[in-house]
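Here the structure comes first, spelled out in structure tokens, and everything after it is commentary.
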Amino acid sequence: MVTVLGGGVSGLAAAHYLLNRSLLPGEKISLIEATAHLGGWMKSTRRPNNVIYEQGPRTIRPKGVQGANTLKLVEELGLSNKVKPIPYGHPATMNRMIYVDKKLHKLPTSMFSLFQKKEPFDKPLVFAALKFLTSPKEICNDDTMYNFVARRFGKDIAEYAISPLICGICAGDAKEISVKFLMRKLFEAEQSQSPMLKEVILNLFAKTPMKDYESELLNKAKEEKWNVYSLEGGLELLPRTLEESLKERGVSIHLNAPCTSITFEGNGVKVKTGRSEHFSDHLISALPALKLAPLLHPQHPDLSEELYKIPFVTVGVVNLTFPKNVLREEAFGFLVPPSQKVPILGIVYDSCCFPSDCDQTVLTVMMGGRFMDDHFGGKLDDAVALQTAVKYSKEILKINDDPCDHKVSILRECIPQYVVGHDKRLQRIYKYIKDRKIPLTLVGCSYEGVGVNDAIFSSKRGIDNIKLKIV
Ligand SMILES: Cc1cc2nc3c(=O)[nH]c(=O)nc-3n(C[C@H](O)[C@H](O)[C@H](O)COP(=O)(O)OP(=O)(O)OC[C@H]3O[C@@H](n4cnc5c(N)ncnc54)[C@H](O)[C@@H]3O)c2cc1C
Ligand SMILES: C=Cc1c2[nH]c(c1C)Cc1[nH]c(c(CCC(=O)O)c1C)Cc1[nH]c(c(C)c1CCC(=O)O)Cc1[nH]c(c(C)c1C=C)C2
């Protein structure tokens, strides 16, 4: 028997991979979810006029092993014809902007633009590349994204490119997030003894073997040069289809069943919810680290402490519809560097990414994250979020109309922050579990990547590494 804790996309994917490896028949897998809804943060709502609001993730990248793995899952679930790709060259892939000094600026997307001086940067960006290759190294175990980039590329790149990028991926502060979150290879090249240039070139051309992750859909994505994609009706179709498939294959799914205790006993594990008890040989936790921590505390306080130290932030998400086309420029959206002291993190132009039949403008405004206290004193409620979203979208995008529809979601503690020291913490966590032979596998977005691809890939790897004696 195996128990999977958490019915977000990583828990659902873990159960799918367990079945695929034929380790167990469906009847021997229990999936336990606290809420009435599977999919975790993946939530898509259809509004009047067929507008789709994404409350959580909206696009997935097909790139890399993780991207290929998700495409393979999408194909296995029979969803290939539901994919809505955005190819390279589409305005939503070319135009990513930042809001600085009360103006929107396009981030460079072509080689040519690297040689031009563009506001708000004080030199053409090619100078940053030269600085990168010639700056002296600083030996350390880890560093913040901001320090590393300021040191090797220049302060304005750290301020206007990296700080907003970190907001646009984890709603975090580049002055706290580990350089290994996005630039592990560059950082390791800096720290190694060999000359920087050689290391960088070797790293750029190093390819991860893709043999196990090939699919027709991956070939199509390559041929058609997809940059990102969604699914018809929104990304929630992925967890919905996983749910149906798992039910068909016999997995017992327990909804409204928050896990209240975990006890490892003998060679197995006992999981209690308010209503039931589940005994199994192995436990897969697809819970956010902060939710798993208290459950492990009674038996494993040190492990629990390490898990608690992975911080999470809350994000306010406001979906807005304006009755006509009110955008002056097509783009993916824009991000706001924290230095601008504007109380939003950024706005996604959903109706540019995925146009609908009617001439409406759909936007998603995000706010809070690591900067929640600075702007909202920790008191962001629906009314404040809506008011902030309407005020700043109208002001920045120079919109005169009022929105004709909206939805507000305050996503409490939704994104983990991989702060300096995160990778050492992970090593200690994995070692603790391995040394004590605890029948526990950790999957989900708390550990080795915060995106949908990473969450699903963590489940694939976690299940590949389980050695179950029982069938
Ligand atoms: C605003 C926002 C925008 C995002 N945008 C993107 C994007 O564009 N692209 C992208 O790739 N990624 C994006 N992400 C990240 C993506 O949403 C996550 O990577 C992914 O949803 C994580 O899934 P998960 O299963 O690991 O965790 P979760 O979705 O957090 O699932 C965990 C599950 O565990 C359940 N649970 C909690 N406690 C218990 C308990 N005690 N007992 C039982 N069950 C419990 C929860 O109810 C939940 O269903 C975004 C995230 C947010 C918040
Ligand atoms: C402003 C807040 C946020 C926006 N999106 C997210 C937050 C917190 C969350 C998020 N966005 C992406 C990922 C996945 C990363 C991955 O590993 O694939 C997550 C967790 C995708 C993404 N969105 C933007 C970028 C640059 C990326 C990275 C990958 C890619 O190139 O697609 C840009 C962006 N995000 C937001 C806005 C307003 C924005 C604007 C340009 C919202």
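Key figures
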| quantity | calculated |
| --- | --- |
| Span-like helix ranges in the chain, DSSP H, alpha carbon extent 30 angstrom or more, Kyte mean at least 1.6 | none |
| The chain - Kirkwood radius from inverse mean 1/r over Cα pairs (Å) | 23.6 |
| Dipole magnitude of the chain about its Cα centre (Cβ charges: Lys, Arg +1; Asp, Glu -1), debye to nearest 20 | 800 |
| Pair ASP142, LYS379: separation of 7 Å Cα→Cβ label points (nm) | 3.4 |
| Estimated [θ] at 222 nm from DSSP helical runs (n ≥ 4, -39500 (n - 2.57)) normalised by residues in the chain, nearest 500 | -10000 deg cm²/dmol |
| Selection from CYS352, ALA257, PHE322 lying farthest towards where the dipole of the chain points positive, charges on Cβ | CYS352 |
| Ranked packing of 397-403, 334-340, 454-460, 186-192, most packed first, by mean Cβ within 10 Å | 454-460, 334-340, 186-192, 397-403 |
| Rough spin-label spacing in nm, given labels placed 7 Å along Cα→Cβ, for LYS106 and ASP435 | 5.5 |
| Filter on LYS437/LYS467; LYS102/LYS391; LYS43/LYS407; LYS43/LYS379; LYS175/LYS391; LYS118/LYS175 - keep pairs with C-alpha separation over 22 Å | LYS43/LYS379; LYS175/LYS391; LYS118/LYS175 |
| Signed unit charges on C-beta, dipole axis of region 344-471, positive-most listed residue ILE433, PHE376, GLN387 | ILE433 |
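A short reminder: the numbers here are calculations on the coordinates, not readings from a lab. Remember, it's a predicted structure, so these values are computed and weren't measured experimentally. A quick note on method: Cβ atoms are made from the backbone with ideal geometry, for glycine too, and the neighbour counts reach across all protein chains shown.
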